[in-house]
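FYI, it's all coordinate maths here, none of it is from the lab. Just so it is clear, the structure is predicted and the values come from calculations on it, not from any experiment. Quick reminder, even Gly has a Cβ in these numbers, built from the backbone with ideal geometry, and neighbours come from all protein chains shown.
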Amino acid sequence: MKKVKKWGASLLAVLMVLATAACSGGGGNTADSTANQSAAGNGSKPTYQFKLAHITPPTHTWHLAAEKFKEELDKRSGGRMKLEIYPSSQLGTEPDMVQQIAAGSVDFGLITAAYLSSRSPSFAAWFTPFAFPDLKSANEARQTEVAKKILGTLDEQGLVGLDYLFAGQRVMLFKDKEVLKPEDMKGLKLRVTPSPPLQDFYKSTGASTEGIPLPEVYSAVQTGVIDGMDMDLDATISNKYYEVVKYGAVTNHMVWPSVAVVGKETFDKMPDEDKQIVRDAIAAAADFAATSRAAKEEEYRKTLSDNGMKIYEIDPALFAPMMQEFDQKYGGTHPLIQEFIDTFRKK
Ligand code: BEZ
């Protein structure tokens with residue numbers, strides 16, 4: 001009998017823990033917890049313990065921007081909004097992250113536009129080759145109607161697209177061939193993020209593409225499985241690709257945005273004042289990402305030259321046929337991609 005009583009007490013404790021966890025929503029957002037709801041009813045404002053996940057290491061622009069977002073949330077909410085950041089795919093791959101955010105167990109994510117284009121096709125617009133002369137112009141494009149409409153397509157995925165955070169533009173790295181024009185890429189096997197618009201652009205030069213995951217790229221180029229890759233200067237340094245490639249063509253042929261997303265259910269539950277704090281904080285982080293990254297361009301080029309790479313440029317005009325092929329193919333696939341091309345392509 002005594003034993004049964006003890007067992008009954010333990011079961012009650014377990015049930016209470018489960019009930020408390022269910023009340024707090026499991027997503028770190030405590031605004032809907034019993035305690036905070038009553039606090040809000042007493043005239044005080046809700047508090048939040050948010051989680052944000054992304055795939056890049058702590059040295060990458062996106063992580064530094066996430067730190068800025070954390071600081072801005074805290075400051076603008078008077079300490080009511082706290083943020084825990086999980087970098088380096090600690091919470092899983094991008095498909096895992098998106099699932100967790102839509103379900104509410106993670107609040108925010110910085111998800112690559114490249115991955116989102118596989119779920120919401122209009123994001124492919126951001127890979128229109130040579131659409132922007134520099135990061136500053138790409139960052140300004142965040143505010144355009146078409147950029148906002150593309151964010152709006154995430155609604156049907158259970159996500160709210162808040163903003164775009166840019167890392168460095170894309171460059172081309174070659175193991176041991178100095179590529180000076182697109183024709184020199186014919187027959188080369190290059191690692192390109194597994195996203196159709198990026199891969200199609202490379203294929204239009206005559207190269208073949210391999211969608212090797214980032215962690216396997218270093219050994220793939222070292223062992224000669226690939227002849228080079230599409231990358232940004234940031235990741236070329238943080239992943240030490242300069243040890244295994246000789247040539248870096250700073251083509252800046254595409255921009256490389258991540259998209260700041262929040263779970264729709266999480267966001268819809270927040271009071272308007274708090275939604276605005278989140279929007280303002282992420283906008284400050286996005287401006288920080290683009291301006292701080294642009295300021296590092298020369299330093300990054302020098303670091304790579306100092307580490308033995310030949311860093312050079314290729315005239316964008318040489319890629320005109322590839323741009324035309326892209327615009328013709330992708331403009332027809334989605335009205336927002338056509339609108340993007342019409343807005344940004346220099347005539
Ligand atoms: C890539 O897959 O090439 C990549 C992803 C995130 C940051 C930088 C590069």
Any pair with Cβ under 6 angstrom, 6 or more apart, that starts in region 168-196 at a residue that is farther than 13 Å from MET309 by Cβ and ends at one that is of a type in the set (Val, Ile, Thr) and assigned to a loop (DSSP other than H, G, I, E, B): GLN169/VAL255; PRO182/THR205; MET185/VAL179; MET185/THR205; LYS189/ILE226; ARG191/ILE212; ARG191/ILE226
Could you identify the single residue in MET254, MET322 that is away from the ligand (no atom under 16 Å from the Cβ) and either farther than 30 Å from PRO46 by Cβ or in a helix (DSSP H, G or I) (or both)? MET322
Residues of region 83-114 being farther than 19 Å from ALA65 by Cα, within 15 Å of the ligand (Cβ to nearest atom) and polar (S, T, N, Q), in sequence order, are THR93
Considering each residue of region 44-89, count those that are outside any strand (DSSP E or B) and within 18 Å of the chain's Cα centre (by Cα), and give that number. 19
Of all residues in region 223-251 being within 12 Å of the ligand (Cβ to nearest atom) and of a type in the set (A, V, I, L, M), which is surrounded by the most Cβ atoms within 10 Å (Cβ to Cβ)? MET229
Subset of region 174-194 (residues that are surrounded by fewer than 19 Cβ atoms within 10 Å (Cβ to Cβ), of a type outside the set (D, E, K, R) and closer than 17 Å to MET322 by Cα): LEU180, GLY187
Considering residues of region 207-222 that are loosely packed, with under 14 Cβ neighbours inside 10 Å and outside any helix (DSSP H, G or I) only, the residue nearest to the ligand (Cβ to nearest atom): PRO213
Quick one: count up the residues across region 102-118 that are over 14 Å from the mean Cα position of the chain (by Cα) and either crowded, with 24+ Cβ neighbours inside 10 Å or part of a loop (DSSP other than H, G, I, E, B) (or both). 4
